[in-house]
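Any read-out appearing in this document is the output of simple, stated calculations on the displayed coordinates, not a laboratory observation. On a predicted model such as this, the values are computed, not experimentally measured, just so you know. In this analysis, Cβ positions are derived from the backbone assuming ideal geometry, glycine residues included, and neighbour counts consider all displayed protein chains.
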Amino acid sequence: MRRRLCAAAVAAALAAGISAVHLIGGGPFAEAATGSSASVPSGVEVGVPGTAPTDPTGGAATGAAGGVATTARGTAGSPEQGVGSHVDAGAGVGPQTRSTPPLTGPLRALAARRGIAVGATVMTSSNLTDSGYSALLGSEYSMLTPENDMKWSNVHPAPGVYDFTGPDLDVAFAQSHGMAVRGHNLAWSADNPSWLTTVPFSRDQLIAILHDHISTVVGRYRGKVAQWDVVNEGIGGFWWDHIGPDYIDMAFEWAHEADPSAELFYNDFGAEGLGGKADQVFELVRGLRQRGVSIDGVGLESHFDLNPPPLGDIAANMHRLNALGLESAVTELDVRLAMPANGPDLDRQRGIYNDMLRICLAAINCKTFTTWGFTDKDSWIPSAYPGYGAALPFDQSYAPKPAYYGLRAALGG
Ligand code: XIL
């Protein structure tokens, strides 16, 4: 297995009194959080002095569904430190009492202290020309996911024609702001251009086209994209139907060949907890691991309303993925509200953001936490779920919402 941290480093970190640590050996993150010298995705600065807003509510740290204890972490595949036994979701531990004052600084600095990257998507690179938007993104977040710019229809608009204009701008922004990049995505049943889906290509031709796409796109950003969603929502759909389930094995191997240092994820929705689709995804990735396929983790999209799956189930899912030696990233979190959003719903939303981040912190194998956008000004929710909106931590004017303070509270801020 690539990029796994040696036990000695974990032991040293724990001996040094680190209360919570995510360590990814040798990869683009190479993180080891300590209070004063956290190491984070390469190039990410930490400890930016207190520029962040303070929580007007005073910051009760407990989420809507009760206590999720955080615990010391090591590296994926360390069963003794998996999250399952430490999580007490729903048990109502009660509000966290603080013996020390809340930490200051932007989210990314607080997250770095806990050894994780905190990310957000950029809907398209044109958003980055808005100075208020880009200032907030670059100061609060340590990871960037292009929400649409790397999808097939944008990057591969005609046979053999690639257009990297958007993703190049996204990656350059991330690099100039010390942010890591999550690449999204390489094979998906949606957003495929009509030249691909309407021509009756043979199986062999589609294999060659997908191979060329993955080699070209991953190769272009070799060393610059830390994590790729290689296969997105990939059980069934275009590639599955036309190549067969083994397109997944192929896609991961081609991505690994194109950038052996990138971490490779299978990403899906509705598979965050246990049962049903989550079990299907688990069986899929277990098969990949058994066959020695180069997969590093599973992305739990987490597009929720005010009734997410049981938090203990999400924690247990992360735990069983850890037992396979896989990371479990939160990749697309948003919590949509019926519009117009009211105060009680914004508070419940805060609780869900807080819970999800605490579940991630409590899981040894959860090292990156990404929301699907960050401002309600640019969110897919109003068009995808008519009547819903207000799903993200900042409002339409870029002011922090209760959800933002829920994230800060989870990180000790
Ligand atoms: C969505 C984007 O947010 C929209 O802007 C776009 O119009 C359609 O795709 N799961 C995924 C994402 O993996 O790629 C989707 O993104 C949201 C659901």
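Structural remarks
- Hits in the stretch 291-307 - residues which are among the aliphatic types (A, V, I, L, M) and either within 15 Å of the ligand (Cβ to nearest atom) or over 20 Å from Ser261 (Cα atoms) (or both): Val298, Leu300, Leu306
- If the condition is being of a type in the set (Val, Ile, Thr), away from the ligand (no atom under 13 Å from the Cβ) and assigned to a strand (DSSP E or B), then the stretch 353-393 contributes Thr368, Thr375.
- When every residue of the stretch 192-204 is checked against the conditions, none turns out to be within 14 Å of the ligand (Cβ to nearest atom) and buried (at least 24 other Cβ atoms within 10 Å of the Cβ).
- Within the option set Leu326, Leu306, Leu284, Leu300, being of a type in the set (A, V, I, L, M, F, W, C), under 20 Å from Leu186 (Cβ atoms) and over 17 Å from the mean Cα position of the chain (by Cα) holds for one residue only, Leu284.
- Members of the stretch 140-152 that are within 10 Å of the ligand (Cβ to nearest atom) and over 25 Å from Pro106 (Cβ atoms): Asn148, Met150, Lys151
- Just one residue in the set Ala391, Ala363, Ala399, Ala338 is in contact with a helix residue (DSSP H, G or I) (Cβ under 8 Å, 6 or more places away or on another chain), surrounded by fewer than 24 Cβ atoms within 10 Å (Cβ to Cβ) and not hydroxyl-bearing (Ser, Thr, Tyr); that residue is Ala338.
- Among the conditions (1) within 25 Å of Val181 (Cα to Cα); (2) crowded, with 24+ Cβ neighbours inside 10 Å, the only one that Gly325 does not satisfy is (2).
- Verdict on Val231 being crowded, with 22+ Cβ neighbours inside 10 Å and within 16 Å of the ligand (Cβ to nearest atom): yes
- Asp334 vs. criteria of a type in the set (Asp, Glu) and away from the ligand (no atom under 16 Å from the Cβ): no
- The residues listed here are Glu283, Glu272, Glu257; of these, the one that is within 27 Å of Asp305 (Cα to Cα), away from the ligand (no atom under 16 Å from the Cβ) and either assigned to a helix (DSSP H, G or I) or in contact with a helix residue (DSSP H, G or I) (Cβ under 9 Å, 6 or more places away or on another chain) (or both) is Glu283.
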